[in-house]
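Undergrad: Here's a structure for you.
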Amino acid sequence: MKEFKILAVIIALVGITYYGIEPYAHHVMHPEVAPADFSFKDLKNVDTSLKGNPDNGKVLVEANCIACHSIESAGYPKVMPNADAAASYGVVPPDLSGAGWIYDKNYLANFIYDPVSAMKLQHKYTPESGKQFPMPAYNWMSAQEIMDIVAYFQILAPKAKAGPEAHKNTFEAACGRCHSMKYAGFEATTPVENIKTYMGATPPDLSQYIKSRGEHYLYSFINDPQVLLPGTSMPRTGLNQKAQEEVIAYMEDIGDRKKAERETTGVWVMLYTLVFAIAALLWKRKLGDFSS
Amino acid sequence: MAEFKKADSMLEWFDQRLGVVNFAKVMMTEYWIPKNINFLWAMGVLLTVLFTFLLVSGIFLLMYYKPDVNLAFDSVNYTIMQEVSYGWLFRHIHAVGASVVFLIIYIHMFTGIYYGSYKKGREMIWVSGMLLFVLFSAEGFSGYMLPWGQMSYWAAYVITEIFGGIPFIGDELVVWIRGNFYVSDSTLTRFFMLHVLLIPLVIIGTIVFHFYALRFPHVNNEAGEFFDFEEEAEKYLAGNKKESKVVPFWPVFLSKDFLVLGFFMVFFFYLVFFHYGFAMDAINFDKADGLKTPAHIYPEWYFLWSYEVLRGFFFEIAGISGKDLGLIAFGIANVIFFLMPWLDRSPMVKPANQRPYFKYWFWFMMVDLIVLTVYGKLPPTGANAWVGFASSLTFLTLFATLPFITKAEAKKVKEK
C-alpha cells in the first residue's frame, strides 16, 4: 500500500512537470488560431451560385488559358519546357488538368477574377514593389463566363481517385512547382534559381515537414499561410478539404514512412514486456523472502 | 604456477582459473541488500538497463550515422529512419532512452536526498553519482548535436556561447571548444568523438566506481537504520530468513527489481512507439541553418531548471550585469548538489518526513525545481521573467540556508 502511495506522489510530480513543459508550454508558444476555412468565405467577387456551362467553358479556356497553361488530360500540351517557362514567368505555370478537383470552387472562380487577392498576396504585389503576378486578373469577364470555365475544369477527371497514388498526384500538382520532396526523389518543377528569385527565398524541401511542423500546424497553414506566418510570400493555394488532406497524407507517406510498422511492432513489444513483468511478479512471490 | 588438478566439470574448470564461484558469491549471492526498502531502490537497476539500451542502440546507430554537416541530417532522418531495417526503432529507443534516463536519474537522486543516503559514510556514493549526472549531461548534450537539426545547432550555439562569460579567457575558450569561430563541421566531429568514445568510456568507469563505492557503507534503507550487515547475513545463511534484515542481491533483491523493471519497460516502450514527441523535438526535424534563428530556443527538458537559473538573472545588480550573475548562478547550480553531504549539518539519517525542518526544505526544493523546469521552457517575457528570477533566487537561497536549517534541526533533535 505504502509503495502505491509513493508511486502516486511520483506520478503526480512527473505529471505536473510534463503538463507544464509539453501541452501548456506548446499552447503558450503556439496559440490556437482560427479554424481552417475551406469555403474561402472572404472571397465574394464572383457569384458562384450560377450554374456553369462546360461547353462554353472549354471555348473560353482555349481562348484565354492555354497560351500559358497546359491541360495534359484534355490534350493541351506544355507550351515550352519547364526551364524556359520558369525563365519567362518566374515560376512554371500549373497544368490545369486537376484544377477542378483540387481547388475549392469559390476559390477557383475568385482566383480567375483576381489571383492576387485570392492568394492573399496583396502585401507582395503592391504598386510600389514594381512586381506583377504573372497571371492577369480576368475581372473583365462576367460571373457567368467564369463559372463556365470552372464547370469545364470540374468535368476533367483526375488521374487517380484515392490512395497513395492520388496523394502523390495532388501533392505534385498543388505544391510541386515550388517545393521539392527529396525523400521521394522529387524535385520542384521550377528550377531552384528561378524560384528563389520569384519567391524571395528558396521554398523549403517538404520531406520532413510532417515531423517538423506536424499535421495540426500544416492543416491550418496550408489553408491560409498568412494566419500563422503573416507576410510570407507563400500564396494561399485554395485547396479544398479533400485535396489538402491528400497533400498532408502524402507528406506523412514520405516523411513518416514507417508509421504502420512502428504501430504494429509497438503493440507486440509492449505485450512482451507485460509478460516479462508478470513472470517477474510470479518469481518474486515464489521466492517470498521480502517482508514488504 | 599453481598446481592444477583435472577438473570434473566445466564450472570447476573455470573456477580453477578464474575463481568464478567465489566471484559470484561476492558479487551476487552473498552481496547483501537491506530488506526494508521500497521500489525506489530499484532505480539503480533501471538505470543500468537503460544505459545498456542506450549503448546497444547507439552501436547500431553508429553503423549508419555520418558525422559531417552535409550528410548528418539525412543519414539520421533518411538512412536510419527510412532505409535501414528497424533503424527507426534504434533511433527511437536511443532518443527516448536518453530522455527517460534523466527522469530516472532525478528520481534516484531525490530518493537519495529524501532518505539522507549521502552522509555518514555514504559520501563517495553520492559524489560518484553526481559525477555520473554531470557526465550523462555532457553525453546528452553532445548527442543532441549529432542529428544536425535546427535545435542541435542552436543549442550548441547557446551552450558553447556560455563559456564566453568566463573572465579573461572566455572568447578564446569558445573558439577552442567549437574548433572554429562559429558552430561548424569541426564542432560536430569533435562532439561526435566525445559522444561515442570519450564520455562513454568515462561513464562506464564511473559506473563501476559508483557500484564499488556501495560495498563498504552498504545500501541505505527506508528507515535510515544502521545495523551490522555481517551479523544479519549470518542469520540469513543460517536459515533465519524472516528475522534477518538483509536479502541477497541475487536472486531475492533482483526478483523485486525485475518486477519494477518489467512494469517500467511497458511504460518505456509505450513512449518509444507511441509518445516520443517529448524526446524528439519537432524543430530538430528542420536541418541546421546558421542564418535562421528559431522563434523559441530551449534545451531538452532535463536541462530546463539549470537553464532557467542561467537566464533568471536578467538585470544588473550592484554593478554586475545580468548575464554574469546568471552565469555565476548557473555555475553554482551545476556543482551545489555535489556538496549535499557537507551542507546538511544534521547527523540524522532518516527519511525527510521524519526530520522536523528538513522536510520543508525538501518539498520547497521540489516545488522550486518544477517551477524552474516549467518556466525554463516558457518564453522569458513579462511576468515569466520575474517568476524565473524569483525561483532562481529561491534555489540559491535554499542551498545557502541548508546548513543553518539542518544545524538548527540537529540541535532540536538533541534537546528532545
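The values are calculated or read from the model by the stated rules, or taken from the named source; none is laboratory data. Being a predicted model, the structure only gives us computed values, none of them experimental. Cβ coordinates were reconstructed from backbone atoms using ideal geometry, including for glycine residues, and neighbour counts include every protein chain displayed. These accessible areas exclude ligands, DNA and RNA; they are computed on the full protein's heavy atoms, side chains included. Shrake-Rupley method; radii C 1.70, N 1.55, O 1.52, S 1.80 Å.
Undergrad: Treating only the Cβ atoms of Lys and Arg (+1) and Asp and Glu (-1) as charged, compute the dipole magnitude of chain B about its Cα centre; round to the nearest 20 debye.
TA: Using only the charged Cβ atoms, the result is roughly 1060 debye.
Undergrad: Any idea how far the Cα center of the stretch A:4-49 sits from the one of the stretch A:220-292, in Å?
TA: Distance between centres, Cα-based: 17 Å.
Undergrad: Residues of the stretch B:267-291 losing 10 Å² or more of accessible surface, assembly versus chain alone, probe 1.4 Å, please list them.
TA: B:269, B:270, B:273, B:274, B:275, B:276, B:278, B:282, B:285, B:286
Undergrad: Heavy atoms only, 1.4 Å probe, whole protein assembly: order A:27, B:92 by accessible area, highest first.
TA: A:27, B:92
Undergrad: What residues qualify as long-range amide H neighbours of residue B:33, i.e. H under 5 Å apart, gap of 5 or more or another chain, H built at 1.01 Å from N?
TA: Sorted by chain and number, the residues that satisfy this are B:247, B:249.
Undergrad: Okay, moving on. At a 1.4 Å probe radius, carbon and sulfur cover how many percent of the accessible area of the stretch A:28-255? If you can, show how the numbers build up before the last one.
TA: On the way: 6200 of 10950 Å².
Solvent-exposed carbon and sulfur of the stretch A:28-255 make up 57 percent of the total.
Undergrad: Could you go through the stretch A:218-233 in sequence order and give the Karplus-derived ³J(HN,Hα) for each residue, using 6.51 cos²θ - 1.76 cosθ + 1.60 with θ = phi - 60°, rounded to whole Hz, and x for Gly and Pro?
TA: Running phi through 6.51 cos²θ - 1.76 cosθ + 1.60 with θ = phi - 60° gives 4, 4, 8, 5, 5, 5, 7, x, 5, 5, 9, 9, x, x, 5, 8 Hz.
Undergrad: Is the shape of the stretch B:1-128 rounded, prolate or oblate, going by the alpha carbon gyration tensor and its root eigenvalues a ≥ b ≥ c, with a/c under 1.5 for rounded and a/b larger than b/c for prolate?
TA: Taking the square roots of the gyration eigenvalues as a ≥ b ≥ c, the stretch B:1-128 is oblate.
Undergrad: Compute the helix-to-body angle for A:241-255: its Cα long axis versus the longest principal axis of chain A, expressed 0 to 90° and rounded to tens.
TA: Between the helix axis and the principal axis of chain A, the angle is about 60 degrees.
Undergrad: Among the trypsin sites (Lys or Arg not before Pro) in the stretch B:1-41, which ones are in a DSSP loop with at most 10 other Cβ atoms within 10 Å of the Cβ? Mind listing them?
TA: Numbers: sites: B:5, B:6, B:17, B:25, B:35; in loops: B:5, B:6, B:35.
Counting only loop positions with at most 10 other Cβ atoms within 10 Å, the trypsin sites (Lys or Arg not before Pro) in the stretch B:1-41 are B:5, B:6.
Undergrad: Express the relative contact order of chain B as a whole percentage, based on alpha carbon pairs under 8 Å and six or more residues apart in sequence.
TA: 22 percent
Undergrad: Calculated from DSSP H runs of 4 or more alone, at -39500 (n - 2.57) each and per residue, what is the 222 nm mean residue ellipticity of chain B, nearest 500?
TA: Value at 222 nm, helices only: -19500 deg cm²/dmol.
Undergrad: Can you sort B:61, B:304 by 1.4 Å-probe accessible area, starting with the largest?
TA: Descending accessible area places them as B:61, B:304.
Undergrad: If the cut-off is 18 Å between C-alpha atoms, which aspartates and glutamates fall inside it for residue B:377, apart from same-chain ones fewer than 8 positions away?
TA: Leaving aside aspartates and glutamates fewer than 8 places away in the same chain, those within reach of residue B:377 are A:22, B:281, B:300, B:308, B:368.
Undergrad: Report in % the part of the accessible area of chain B that belongs to carbon and sulfur, leaving out ligands and nucleic acids; probe 1.4 Å.
TA: Exposed carbon and sulfur together represent 69 percent of the surface.
Undergrad: Next question, about the same structure. Ratio of Rg to Rh for the protein assembly as shown, alpha carbon only, Kirkwood?
TA: For the protein assembly as shown, the value is 1.08.
Undergrad: Would you give the gap between the C-alpha center of the stretch B:298-338 and the C-alpha center of the stretch A:102-129, rounded to a whole Å?
TA: Rounded to whole Å, the Cα centres lie 50 Å apart.
Undergrad: Do the sum for chain A: with -39,500 (n - 2.57) for every DSSP H run of n ≥ 4, divided by all residues, what is the mean residue ellipticity at 222 nm, to the nearest 500 deg cm²/dmol?
TA: -16000 deg cm²/dmol
Undergrad: When only C-alpha pairs under 8 Å and at least 6 residues apart count, what is the relative contact order of the stretch B:299-416, in percent?
TA: Values: 123 pairs, mean separation 46.4, N = 118.
Once divided by the residue count of the stretch B:299-416, the mean separation gives 39 percent.
Undergrad: Working from the pairwise distances between different alpha carbons, so that the mean of 1/r is found and then inverted, what is the stretch A:88-223's Kirkwood radius in Å?
TA: 16.6 Å
Undergrad: Report the gain in length on full extension from residue B:208 to residue B:228: 0.36 nm times residue separation, minus Cα-Cα distance, nm rounded to one decimal. Walk me through the numbers before you get to the answer.
TA: Details: separation 20, 0.36 × 20 = 7.20 nm, distance 2.46 nm.
Full-extension gain reported as 4.7 nm.
Undergrad: In whole Hz, with x marking every Gly and Pro, tabulate ³J(HN,Hα) for the stretch B:252-259 from phi via Karplus 6.51 cos²θ - 1.76 cosθ + 1.60, θ = phi - 60°.
TA: The phi angles translate into 5, 4, 5, 4, 6, 4, 5, 4 Hz.
Undergrad: Ignoring ligands, DNA and RNA, what accessible area per residue does the protein assembly as shown give at 1.4 Å, in Å²?
TA: 49 Å²
Undergrad: Cross-link partners among lysines for residue B:241, C-alpha distance below 23 Å, same-chain residues fewer than 8 apart left out?
TA: A:2, A:284, A:286, B:25, B:35, B:256
Undergrad: For the stretch B:236-249, take each phi angle, set θ = phi - 60°, evaluate the Karplus expression 6.51 cos²θ - 1.76 cosθ + 1.60, and give the result in whole Hz per residue in order, putting x for glycine and proline.
TA: With coefficients 6.51, -1.76 and 1.60, one gets 5, 5, 6, x, 7, 5, 5, 6, 4, 8, 10, 10, x, 4 Hz.
Undergrad: Take the residue pairs B:350/B:412; A:44/A:120; A:5/B:416; B:120/B:414 and return only those whose Cα atoms are more than 21 Å apart.
TA: Long pairs (Cα-Cα over 21 Å): A:5/B:416.
Undergrad: Given the C-alpha atoms of chain B, compute the convex hull and give its volume per residue in Å³.
TA: Spelled out: Cα convex hull of chain B, divided by residues, is 203 Å³.
Undergrad: Out of residues 5 or more away from residue A:103 or on other chains, whose amide H comes under 5 Å of its own, with H placed 1.01 Å from N in the peptide plane?
TA: Result for residue A:103 returns A:240.
Undergrad: Which of the GluC sites (Glu not before Pro) found in the stretch B:1-43 are loop residues per DSSP with 10 or fewer other Cβ atoms within 10 Å of their Cβ?
TA: Hits after loop and neighbour filter: B:3.
Undergrad: Residues of the stretch A:206-240 losing 40 Å² or more of accessible surface, assembly versus chain alone, probe 1.4 Å, please list them.
TA: When all protein chains are present, A:208, A:211, A:212 each give up 40 Å² or more of accessible surface.
Undergrad: Using alpha-carbon positions, what is the distance between the centroids of the stretch B:8-65 and the stretch A:153-217, in Å?
TA: First find each Cα centre; the distance between them is then 52 Å.
Undergrad: I've got another one for you. Can you send over the solvent-accessible area of residue B:134, 1.4 Å probe, protein chains only, in Å² to the nearest 10?
TA: 60 Å²
Undergrad: Shifting gears a bit: How would you classify the stretch A:28-255 from its alpha-carbon gyration tensor, with a ≥ b ≥ c the square roots of the eigenvalues: rounded for a/c under 1.5, else prolate if a/b is greater than b/c, otherwise oblate? Before the final figure, lay out the partial values.
TA: Working: a/c = 1.31, a/b = 1.27, b/c = 1.03.
Rounded.
Undergrad: Further question: Which order do B:148, A:268, A:283 take when ranked by solvent-accessible area (1.4 Å probe, heavy atoms of all protein chains), largest first?
TA: Order by accessible area, largest first: A:268, A:283, B:148.
Undergrad: Pairs of alpha-carbon atoms within less than 8 angstrom and 6+ residues apart define the contacts here; what relative contact order does the stretch B:338-396 have, in percent?
TA: It comes to 26 percent, rounded to a whole number.
Undergrad: Turning to a different aspect of this structure: Pull up all non-local amide H partners of residue A:186: gap of 5 or more, or a different chain, and H-to-H distance under 5 Å with H placed in the peptide plane.
TA: Under 5 Å from the amide H of residue A:186 lie the amide H atoms of A:181, each far enough along the sequence or on another chain.
Undergrad: While we're looking at this one, here's another question. With a 1.4 Å probe and all protein chains kept in place, how much accessible area does residue B:389 have, in Å² rounded to the nearest 10?
TA: We get 30 Å² for residue B:389.
Undergrad: Can you pull the accessible area of residue B:9 for me, 1.4 Å probe, Å² to the nearest 10?
TA: Answer for residue B:9: close to 50 Å² accessible.
Undergrad: Taking residue A:124 as the anchor, which aspartates and glutamates have their alpha carbon closer than 20 Å to its alpha carbon, excluding any fewer than eight residues away along the same chain?
TA: Answer for residue A:124, where 20 Å is the Cα cut-off: A:42, A:114, A:193, A:224, listed by chain and number.
Undergrad: Extension gain residue A:125-residue A:275, at 0.36 nm per residue separation less the Cα-Cα distance, in nm?
TA: 47.6 nm
Undergrad: List the chymotrypsin sites (Phe, Trp or Tyr not before Pro) in the stretch B:177-209 that DSSP assigns to loop (not H, G, I, E or B) and whose Cβ has at most 10 other Cβ atoms within 10 Å. Which are they?
TA: Passing sites in the stretch B:177-209 are B:181.
Undergrad: Total Å² of accessible surface buried at the A-B contact, 1.4 Å probe, nearest 100?
TA: Adding both sides of the contact gives about 5000 Å².
Undergrad: For the pair residue A:30 and residue B:166, how long in nm is the line joining their label points, each one 7 Å along Cα→Cβ?
TA: The modelled label-to-label distance comes out at 3.8 nm.
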